[in-house]
Amino acid sequence: MSIWEKKPEDGQSDFLAPRPAAEETPVRSHSLAEVAVDAGSIDVSPGTSSIEIVAEEPRFTREVEVADPNATRRSNYSRRDSLRGEVFDQPEPAAMLTADRLLDGSARNRPAPEAGFRRFLYFLSLKTINLGDSLAVRERKAVDARIGAPLEGGARFVPVLTRKGGVGKTTVSTLLGMALALAREDRIIAIDANPDRGTLAERVSKSTRFTVRDVVNRAAAVDGFTDFSTMVSRDVTRLDVLASDSDPMLSEAFDEGDYNVVADMAARYYSIVLTDCGTGIVHSVMRPTLQRANGLVIVSGGSVDEARLASETLTWLEANGYGDLVRNAIVALNTATQATQLVKLDEIEQHFKTRVRAVVRIPYDPALAAGSVIKFADLKKGTREAARELAALLVDSLNNPN
């Protein structure tokens with residue numbers, strides 16, 4: 001239909017006039033300054049000089065919460081403070097990704113119970129019910145973890161000494177070494193440095209006739225651990241023992257220089273070196289022994305004179321510049337000595353607690369009283385637990401000295 005129609009006017013002829021177009025929605029115009037132009041919405045047709053700009057609907061943006069500029073920022077990152085909403089200058093470091101934080105400790109991922117009814121129930125329920133280990137097992141594993149804690153640096157030297165003989169020093173050295181060797185993955189050695197014909201090697205199954213004298217004489221020819229291992233006796237617990245000279249005359253000849261040769265050799269292959277010292281605290285071997293010491297175990301008996309001499313040993317060490325060693329030391333209180341039943345052991349223990357890091361009681365055990373080869377598995381439970389606690393305290397003292 002034509003858009004022209006006749007419109008009569010007075011005194012004029014009819015003519016064609018344009019008919020108004022139907023009402024249309026007005027087209028909204030935008031300036032380029034007001035509309036963000038998207039390259040994909042510009043339609044340029046060939047042969048035209050006009051550009052149609054289509055305005056897009058407003059885009060929604062996510063509101064970002066801006067931290068309070070007045071909030072106190074900290075540089076020392078703490079997981080606990082982060083959970084509380086603290087603001088830090090630095091991002092979370094990689095050290096915060098600890099096993100305790102990331103590992104799922106729920107029942108479904110908990111290790112199977114070790115033994116007893118809990119283990120039986122675990123498998124009976126097709127591994128759907130996991131009560132975990134009993135309290136006793138958890139406590140034992142905790143002690144294992146303390147004993148097996150890694151030690152930074154080189155070999156650690158630990159003398160076991162006292163000024164009085166017959167209080168069980170060699171027995172304590174053996175028990176301590178066995179407890180360490182059973183729970184740790186590295187090598188442990190106990191050296192008999194007693195100049196008075198020590199008996200340390202007689203407390204384990206002897207597998208060699210070599211002694212500290214042979215190590216001194218063959219030091220230049222030792223080319224590795226295989227060569228050195230032929231000169232030590234190894235217990236079933238994996239404790240290595242280096243015997244002293246059986247000839248008293250040769251034992252007396254074992255001096256400071258000889259001990260340093262043996263100690264340097266042991267430091268190549270072992271992480272912990274226990275030294276079973278003699279009663280002669282002023283013997284020449286004692287000086288390098290104490291100079292190398294990273295920890296210390298003092299053995300005391302349960303009688304009045306034995307406790308007094310052990311305490312005097314601590315006094316001598318403090319007077320000769322080993323005060324730090326004394327404060328970090330552990331006293332092994334052997335309750336299997338004479339007159340123990342007549343003495344207030346609690347008073348002895350309380351005395352030593354004021355001077356050293358800790359005190360451990362070693363109970364009476366017939367297997368120890370016999371003075372023969374010690375089989376750790378055959379000892380009473382209380383004796384094994386005391387030895388393990390002594391070993392745990394020693395490793396604690398080596399890693400975290402007072």
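The values are calculated or read from the model by the stated rules, or taken from the named source; none is laboratory data. All figures in this text were calculated on a predicted structure; none of them were measured in a lab. Quick reminder, even Gly has a Cβ in these numbers, built from the backbone with ideal geometry, and neighbours come from all protein chains shown.
Against the criterion of being among the charged types (D, E, K, R) and crowded, with 20+ Cβ neighbours inside 10 Å, Arg119 does not qualify. Screening Tyr322, Tyr259 for residues that are closer than 22 Å to Asn194 by Cβ, under 32 Å from the mean Cα position of the chain (by Cα) and free of Cβ contacts under 8 Å to residues at least 40 places away in the same chain leaves exactly one candidate, Tyr322.
In summary, helices (runs of 4 or more DSSP H) completely within segment 319-381 and bearing 1 or more residues that are more than 18 Å from Asn402 (Cβ to Cβ) and assigned by TED's automatic domain parsing to the domain that holds Gly295 occur at 345-353, 366-369. Examine segment 189-200 for a residue that is touching a His at 6+ places or on another chain (Cβ under 8 Å) and farther than 21 Å from Leu325 by Cβ, and state whether such a residue exists. Yes, segment 189-200 contains a residue that is touching a His at 6+ places or on another chain (Cβ under 8 Å) and farther than 21 Å from Leu325 by Cβ. Tallying residues that are surrounded by fewer than 17 Cβ atoms within 10 Å (Cβ to Cβ) and not aromatic (Phe, Trp, Tyr) within segment 316-339 yields 9.
Among the residues of segment 280-297, is any outside any loop (DSSP other than H, G, I, E, B), crowded, with 16+ Cβ neighbours inside 10 Å, touching a residue at least 24 places away in the same chain (Cβ under 8 Å) and touching a Ser or Thr at 6+ places or on another chain (Cβ under 6 Å)? Yes.
From Thr72, Thr61, Thr128, Thr48, grab the single residue that is hydroxyl-bearing (Ser, Thr, Tyr) and modelled with pLDDT of 70 or more.
Being hydroxyl-bearing (Ser, Thr, Tyr) and modelled with pLDDT of 70 or more holds for just one of Thr72, Thr61, Thr128, Thr48, which is Thr128.
The set of residues from segment 339-373 being under 20 Å from Ala392 (Cα atoms) and touching a residue at least 24 places away in the same chain (Cβ under 8 Å) comprises Phe352, Arg355, Val356, Arg357, Ala358, Val359, Val360, Arg361, Ile362, Pro363. Of the residues making up segment 298-315, those that are loosely packed, with under 15 Cβ neighbours inside 10 Å and not hydroxyl-bearing (Ser, Thr, Tyr) are Val304, Asp305, Glu312. Within segment 346-362, the set of residues being over 29 Å from the mean Cα position of the chain (by Cα) and either polar (S, T, N, Q) or farther than 21 Å from Val326 by Cα (or both) comprises Gln350 only. Of the residues examined, Ser311 is not one that is hydroxyl-bearing (Ser, Thr, Tyr), under 30 Å from the mean Cα position of the chain (by Cα) and assigned by TED's automatic domain parsing to the domain that holds Val212.
Scanning segment 188-236 for residues that are more than 14 Å from Met265 (Cα to Cα) and assigned to a strand (DSSP E or B) returns Asp192, Ala193, Ser233, Arg234.
For Val395, the criteria (1) closer than 23 Å to Arg163 by Cβ; (2) β-branched (Val, Ile, Thr); (3) outside any loop (DSSP other than H, G, I, E, B) hold in every case but one, which is (1).
Just wondering, is there one or more residues in segment 259-266 that are of a type in the set (Val, Ile, Thr) and in contact with a strand residue (DSSP E or B) (Cβ under 8 Å, 6 or more places away or on another chain)?
yes
Please verify whether segment 185-207 includes one or more residues that are buried (at least 21 other Cβ atoms within 10 Å of the Cβ), over 30 Å from Ala149 (Cβ atoms) and touching a Leu at 6+ places or on another chain (Cβ under 8 Å). Looking through segment 185-207, none of the residues is buried (at least 21 other Cβ atoms within 10 Å of the Cβ), over 30 Å from Ala149 (Cβ atoms) and touching a Leu at 6+ places or on another chain (Cβ under 8 Å). Just give me the residues in segment 208-248 being closer than 18 Å to Thr170 by Cβ and over 31 Å from the mean Cα position of the chain (by Cα), in sequence order. The answer is Thr211, Val212, Ala243, Ser244, Asp245, Ser246, Pro248.
Asp196 - would you say it is in contact with a Gly (Cβ under 6 Å, 6 or more places away or on another chain), at negative phi and modelled with pLDDT under 90? Yes. Out of curiosity, is Ala149 at pLDDT 90 or above, among the hydrophobic types (A, V, I, L, M, F, W, C) and in a loop (DSSP other than H, G, I, E, B)? Yes, satisfied.
Only one of the numbered conditions (1) over 22 Å from Phe210 (Cβ atoms); (2) more than 31 Å from the chain's Cα centre (by Cα) is violated by Val285, and that is (1).
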